[in-house]
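The values are calculated or read from the model by the stated rules, or taken from the named source; none is laboratory data. All values reported here derive from a predicted model rather than from experimental measurement. When we count neighbours, we look across all protein chains shown, and the Cβ atoms used for this are built from the backbone with ideal geometry, even at glycine.
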Amino acid sequence: MYFTQEQRFTRKIAELFVAFNLEKDYSKDDILELYCNMIYYGNGYYGLREASLGYFKKEPKDLTLKEASLLAGIPNAPSVYAPTKNIELAHKRQSIVLAQMVKYHYISEEQKQEIEKTYQE
């Protein structure tokens, strides 16, 4: 958000100070929201809203669990996991997201299996 991709020691030190200031001024939820609203989701989409509208033609609040879990996996490697690039890889990454959601009790194993069953349809 504040720096170029230049790999320099001075930049790393500056990032450290920015990180401390962010954590001082914002909650972890606020920082996550800022992050999700600016990261790249592939296909020229930056931020969750733009990706939601671009991929699914709907606002983020209207996404289904299937759609939201697919979007959640994209930022790890947008050029690989964007559903328009390779839907099979996007689904594999989505399965990892869903498995973590099961592990941390956000969804049930049945919900995960129901979504994964739709990959073949």
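Filtering segment 33-60 to residues that are of a type in the set (A, V, I, L, M, F, W, C) and farther than 24 Å from Glu23 by Cα leaves Ala51, Leu53, Phe56. Scanning segment 90-121 for residues that are among the hydroxyl-bearing types (Ser, Thr, Tyr) and surrounded by 12 or more Cβ atoms within 10 Å (Cβ to Cβ) yields Ser95, Tyr106, Tyr119. Selection of first residues in segment 64-75 that are farther than 13 Å from Arg93 by Cβ and of second residues that are part of a helix (DSSP H, G or I) and at pLDDT 95 or above, restricted to Cβ pairs under 6 Å at least 6 apart or on distinct chains, gives the following pairs, ordered by first then second residue: Lys66/Ile115; Glu67/Phe56. For the condition assigned to a helix (DSSP H, G or I) and surrounded by 16 or more Cβ atoms within 10 Å (Cβ to Cβ), Glu23 does not qualify.
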